[in-house]
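Worksheet: the structure to be examined is printed underneath.
Derivation of every value follows stated rules applied to the coordinates shown; laboratory data play no part. Because the structure is predicted, anything quoted here is derived from the model rather than measured. Because the Cβ atoms are built from the backbone with ideal geometry, glycine has one as well, and the counts that use them run over all protein chains shown.
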Amino acid sequence: MDLSIIIPTYNSKDYIASCLRGVITCPKDEIAMECIVVNDGSKDDTAEIIHRYQERDTRIVLWNKENSGVSDTRNYGLEHASGKYIMFLDADDRFCADAWEHIIPAVKKGYGDYVAFSYLTLYENGKIIPQPLPIEEVVSTEMRQARNLMYASSDFNTCWGKLFLRELIEENNIRFRSDLPIGEDFLFVAEYFAHCQSCYMSKEMILFYLQRAGSAMRSYTMKQRLDFTKILYEYNKAAVEKYADQELNGQMEVYYLRVITNLFREYAGIYNGKQLIEIYKDALENETVKEILESVKEEQIYSKMKKLEYRLLKKKKIGILKGYFGLKAKL
């Protein structure tokens with residue numbers, strides 16, 4: 001088997017058909033592909049829709065399990081996969097029309113241990129925004145550049161739309177953390193990447209990522225989000241230290257400054273008044289926030305706006321922060 005596509009799904013009756021339509025356009029005479037759909041205890045018609053696609057294409061395999069979350073569901077798919085390469089999709093993702101023209105050569109020719117394509121963000125109002133990887137050429141195989149994208153940006157934060165060697169996953173017992181509701185994608189990709197000797201990064205866009213309404217901010221407090229951030233930050237710090245690359249280390253710290261400022265902006269879009277002031281006060285006393293602010297070197301911040309935000313956070317100008325991020329949240 002050349003490729004196993006793993007799709008976790010839960011109550012996805014409105015999206016799963018579009019996802020599977022793109023999968024089954026994979027030409028059978030060019031690549032041996034299996035599509036493992038793991039139904040995580042859906043209560044709607046998701047399973048019935050998948051059954052209809054199974055009748056059209058026997059490469060689709062459906063596994064049903066009790067609901068336990070997306071990490072367990074992806075791990076369940078890994079246990080049943082047999083492909084040389086693994087690709088993850090979400091049930092509301094869908095392939096571009098020419099996706100297989102790029103995926104098949106990457107699989108058949110073994111472009112790299114780690115293969116990352118670009119994608120397009122599709123909004124529910126129909127707006128589409130291309131998200132090409134920030135590389136100079138159409139394709140890059142530079143591992144140092146890949147490390148920058150891995151540890152000092154959000155470009156590799158998700159597992160979908162990438163190719164992973166199953167052998168590397170199994171040899172190193174890499175799995176998704178079920179105790180981390182946010183950032184579990186990143187930790188899986190980062191742990192896998194640490195064992196890679198080669199990479200292939202492409203600006204070719206192979207799928208549409210659906211950006212649905214709603215915010216994870218409403219599900220978690222600022223403290224909880226900072227606890228999740230601490231796990232990711234500490235992992236990144238340890239990983240980057242192994243490379244003994246001071247420039248990468250500085251870029252990583254600046255990236256996490258951006259993570260913190262994004263949290264301040266997003267919570268300003270939800271709360272206001274005294275409630276927001278208290279959230280900001282607690283956040284500025286958080287040990288992870290303090291550590292990030294102490295580790296960042298201002299001369300490594302190239303954006304004037306981020307320099308301003310950094311200074312306001314360092315000086316704990318809560319009133320100004322409230323007004324500033326309140327305005328940014330409205331943009």
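Some notes on this structure:
- Ranked by the mean number of other Cβ atoms within 10 Å of their residues, highest first, the peptides 8-18, 161-171 come out as 8-18, 161-171.
- The gain in end-to-end length when the ILE182 to GLU247 segment is fully stretched comes to 20.7 nm, 0.36 nm per residue minus the alpha carbon separation.
- Average 1/r across all pairs of distinct alpha carbons in region 186-331, invert it, and you get the Kirkwood radius: 17.0 Å.
- Gained length - ASN125 relative to GLU170, 0.36 nm times residue gap less alpha-carbon distance: 12.1 nm
- Proximity of backbone amide H atoms, modeled 1.01 Å from N, is registered between LYS317 and no other residue at under 5 Å, excluding neighbours fewer than 5 places apart on the same chain.
- Pairwise label distance in nanometres, SER303 with ALA329, each label 7 Å out on the Cα-Cβ vector: 1.8 nm
- In plain terms, if you count all Cα to Cα distances in the chain and split them into 20 Å steps from zero, the share in each step is 29, 56, 15, 0 percent.
- For region 2-77 and region 85-138, distance of Cα centres in Å: 18 Å
- Under 5 Å between amide hydrogens, built in the peptide plane, is the criterion, and for ASN64 it picks out ASN39 among residues at least 5 positions away or on other chains.
- Set of lysines near LYS223 by C-alpha distance (under 16 Å), chain-local residues within fewer than 8 positions excluded: LYS281, LYS290
- Lysine pairs within region 3-211, Cα separation less than 19 Å, 8 or more sequence positions apart or different chains: 13
- The peptide list 133-144, 282-293, put in order of mean Cβ contacts within 10 Å with the highest first, becomes 282-293, 133-144.
- Region 299-313 - phi-based ³J(HN,Hα) in whole Hz, Karplus 6.51/-1.76/1.60, Gly and Pro as x: 5, 8, 8, 8, 8, 4, 5, 5, 4, 4, 4, 4, 5, 5, 5
- A straight Cα-to-Cα reach below 21 Å connects LYS242 with the lysines LYS230, LYS297, residues fewer than 8 places away in its own chain not being considered.
- The 3J(HN,Hα) values that the Karplus relation (6.51, -1.76, 1.60; θ = phi - 60°) gives for region 183-199 are, in residue order, x, 5, 4, 4, 5, 5, 4, 5, 5, 5, 4, 4, 9, 8, 9, 8, 9 Hz. Gly and Pro appear as x.
- Each label point was placed 7 Å from the Cα along the Cα-to-Cβ direction; for GLU101 and ILE24 their separation is 2.4 nm.
- Cross-link partners for LYS330 among the aspartates and glutamates, with Cα-Cα distance under 15 Å and sequence neighbours closer than 8 places in the same chain left out: GLU266.
- 3J(HN,Hα) along region 14-19, derived from phi through the Karplus expression 6.51 cos²θ - 1.76 cosθ + 1.60 where θ = phi - 60°, amounts to 7, 10, 5, 5, 4, 5 Hz, with x in place of Gly and Pro.
- Residue-normalised convex hull volume from the C-alpha trace of region 82-194: 135 Å³ per residue.
- Judged by the mean number of other Cβ atoms found within 10 Å, the most tightly packed of the peptides 24-32, 105-113 leads the ranking 105-113, 24-32.
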